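The values are calculated or read from the model by the stated rules, or taken from the named source; none is laboratory data. Quick caveat, the model's predicted, so the values are computed rather than measured. We place every Cβ from the backbone using ideal geometry, glycine too, and count neighbours over all the protein chains shown. Heavy atoms of the whole protein, side chains included, go into the accessibility calculation; ligands, DNA and RNA do not. Shrake-Rupley method; radii C 1.70, N 1.55, O 1.52, S 1.80 Å.
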Amino acid sequence: MPQYKAPLRDMRFLLNEVFDYPGHYAKLPNGEEASPDMVDAILEGCATFCEEVLAPLNLPGDLEGCHFDNGEVRTPKGFKEAYEQYAAGGWQGLSHPKEYGGQELPMSLNLIKSEMMGTANWSFTMYPGLSLGCMNTIYQFGTTEQKNTYMPPLVEGRWAGTMCLTEPQCGTDLGQVKTRAEPAGDGTYKLTGTKIFISSGEHDLTENIIHIVLARLPDAPKGTRGISLFIVPKFLINADGSLGERNAVRAGSIEHKMGIRASATAVLNFDGAVGYMIAEPNKGLEAMFTFMNTARIGTAVQGIAHAELSYQGALPYAKERRSMRALSGKKDADHVADAIIWHADVRRMLLTQKCVAEGGRAMIYHAAKLADHMVVGIAQGDKAKADEYDDRLGFFTPILKGFLTEMGLESANLGMQVFGGHGYIKEHGMEQIARDARISTLYEGTTGIQALDLLGRKVLLTTRGKCVRDFTAQVNAFARANFFNGRIGPLARKLMKHSLQWNLLTTRIMLRAAKDRDIVSSACYDYLMYSGFVMMGYFWALQAATAQDKLAKGGKETPEFYRAKIETAEFYFDRLLPRARAHAKAMMSPTRSVMQMHADHFSFS
């Protein structure tokens, strides 16, 4: 089983040397307490908790799974005690307002915390992670009474939360939601219906679970325009804040899943459950998706988490496992065979994992700064500022979620491949990482849904390509400044070429879409992957330029770290970025080959 070690040196490199987070926090109204010393203490404390408490539960939790009995769920051994430590440490309220018991630190710190926790034990991290969407929704759209009732115990971690969207007949297409909310005449509603795939929908970690539920009023318009949002607690709350009787919502079952088996995914049955409307009638979907960008960044974290953990398992194995001699001659003369890390193909796999983990981390840390500004705008009631950063973040999120989870899954499979046949055996923990990673490309919108959102909505419909032009302007500015900058120069020149091509491809698809609507759907996956490869290339070039500058100035750190950054960036540009060319070719191919076959011609015979 991989022994997780938080990559604090790489995190600090991004925070302090690449993105200047100290300067960023100094400009935020809620960043005053996020001093370098405070941030460092948070990193160290979270790393200790993840390495010593969460990581040892990862494999046992997968082997045991969750237990379901008559509507109740018992989590694997050790999870309840770990959650108690988590709540006692104040980790749940890290980025939530002080008036509700939180520490009110920037949201980016919560994402960094989530990365460490998720890498150590993704199944465990799902439980407190699902509460965040619930908390954010109540904080922005709830009444004063609702905030005062629900926020303090949620922030403390005594209560947990869920987001209940999906139903048996609909997944992404929420216009098909059928759960009904009947007015009870006293300001409450009676909710009836079934929700499926509800992560953390039932468990034994907290004394109450607060469900945020999409449902329809009796006179609601059809489609997405007729969906309202409701708070439905597992246990009703008395006037004094104590827990009352059990509400009419119960788990009918939990799913038997391929991965993240220690995370309970429930079918929830609402049988006239008491609910309280949040936000405006028939405006529930808008409220639900207000924080969807940050939720999708949270899922994107899963991509780099599994890449990192698989790399941490594969690297020591590659240094210890001996097989054959290196083609360039003996490397370990005192042994009968060389360590497999001397074989170029094994290095290809390890470097791919390293590229995805560290390049993806840089992408997410950049986006997290935008999220900080968006949350500040919301907290200050500055709608213009909140909308500006939400729009900017909206361009990044489908790329981060779609591209990083696809590459994280590839990295997890590469970790198994490094182990060979041993990677297929449970005791080593590598196959679990691959199974856990598989869901990341599916929930919070499949890769195809992310791709349609990026190309169809964000690029073509909403901005007419402006979001791409704005980002590539930033890329081109970097490329021009580093065009002849030592080892960074070749990277900068390749980056500019791809950046210009990105804009050209966007324009060509926009023109073709006027005559062929199917081009948006047939091209969107390749467009998303192309965008991801180019975007990651920029963040690798940025890291390499920072490393080269530190080496030139004789920084206090040992030079091996910085040299490895430059060498990894060169591998990325030589071996991974060229995949973008294939995606460019595919996205511009005629839709005829995709659409010409009649549906009846798809058959098994």
**Message:** So if I check each of LYS515, LYS585, LYS556, which one is more than 25 Å from ARG12 (Cα to Cα), of a type in the set (D, E, K, R) and modelled with pLDDT under 95?
**Reply:** LYS515
**Prompt:** Does any residue in region 236-249 that is of a type in the set (Gly, Ala, Ser) come within less than 7 Å, Cβ to Cβ, of a residue that is open to solvent by 60 Å² or more (accessible area, probe 1.4 Å) six or more places away or on a different chain, and which pairs are these?
**Reply:** GLY244/ASN238; ALA248/ASP271
**Prompt:** From the list ILE227, ILE297, ILE304, ILE260, which one is out of contact with any Cys (no Cβ under 7 Å at 6 or more places or on another chain), of a type in the set (A, V, I, L, M), modelled with pLDDT under 95 and under 30 Å from LEU414 (Cβ atoms)?
**Reply:** ILE297
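Residue-by-condition table, conditions (1) open to solvent by 10 Å² or more (accessible area, probe 1.4 Å); (2) touching a strand residue (DSSP E or B) at 6+ places or on another chain (Cβ under 7 Å); (3) touching a residue at least 24 places away in the same chain (Cβ under 8 Å):
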{"position": "ASP173", "(1), (2), (3)": "yes, no, no"}
{"position": "GLY185", "(1), (2), (3)": "yes, no, no"}
{"position": "GLY193", "(1), (2), (3)": "yes, yes, yes"}
{"position": "GLU202", "(1), (2), (3)": "no, yes, yes"}
{"position": "GLU207", "(1), (2), (3)": "yes, yes, yes"}
{"position": "PRO233", "(1), (2), (3)": "no, yes, yes"}
**Fill in**
By my count, helices (runs of 4 or more DSSP H) wholly in region 517-605 with at least 1 residues that are surrounded by fewer than 19 Cβ atoms within 10 Å (Cβ to Cβ) and among the aromatic types (Phe, Trp, Tyr) are 559-571
**Prompt:** Among all residue pairs at least 6 apart or on different chains, which show Cβ distances below 8 Å where the first residue, located in region 80-91, is at pLDDT below 95 and the second is open to solvent by less than 50 Å² (accessible area, probe 1.4 Å) and not in a helix (DSSP H, G or I)?
**Reply:** none
**Prompt:** Looking at (1) at pLDDT 90 or above; (2) within 28 Å of the chain's Cα centre (by Cα); (3) open to solvent by less than 10 Å² (accessible area, probe 1.4 Å), which is the one condition that is false for MET288?
**Reply:** (1)
**Request:** State whether the residues of region 282-305 include one that is free of Cβ contacts under 8 Å to residues at least 24 places away in the same chain, over 26 Å from ASP186 (Cα atoms) and of a type in the set (Phe, Trp, Tyr).
**Result:** yes
**Request:** Only one of these is surrounded by fewer than 24 Cβ atoms within 10 Å (Cβ to Cβ) and part of a helix (DSSP H, G or I): LEU94, LEU63. Name it.
**Result:** LEU63
**Prompt:** Which ones in region 248-282 are part of a strand (DSSP E or B), hydrophobic (A, V, I, L, M, F, W, C) and either touching a Gly at 6+ places or on another chain (Cβ under 7 Å) or open to solvent by less than 10 Å² (accessible area, probe 1.4 Å) (or both)?
**Reply:** VAL249, ALA251, ALA266, VAL267, LEU268, PHE270, ALA273, ILE278
**Complete:** The residue that is least open to solvent (accessible area, probe 1.4 Å), considering only those in region 209-231 that are farther than 15 Å from THR179 by Cβ and assigned to a loop (DSSP other than H, G, I, E, B), is PRO221
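Per-residue answers, yes or no, for (1) more than 25 Å from GLN140 (Cα to Cα); (2) free of Cβ contacts under 8 Å to residues at least 40 places away in the same chain:
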{"site": "ALA344", "(1), (2)": "yes, yes"}
{"site": "LYS354", "(1), (2)": "yes, no"}
{"site": "ALA368", "(1), (2)": "no, no"}
{"site": "TYR389", "(1), (2)": "no, yes"}
{"site": "ASN413", "(1), (2)": "yes, yes"}
{"site": "VAL418", "(1), (2)": "yes, no"}
{"site": "LYS426", "(1), (2)": "yes, no"}
{"site": "GLU444", "(1), (2)": "no, no"}
{"site": "GLY448", "(1), (2)": "yes, no"}
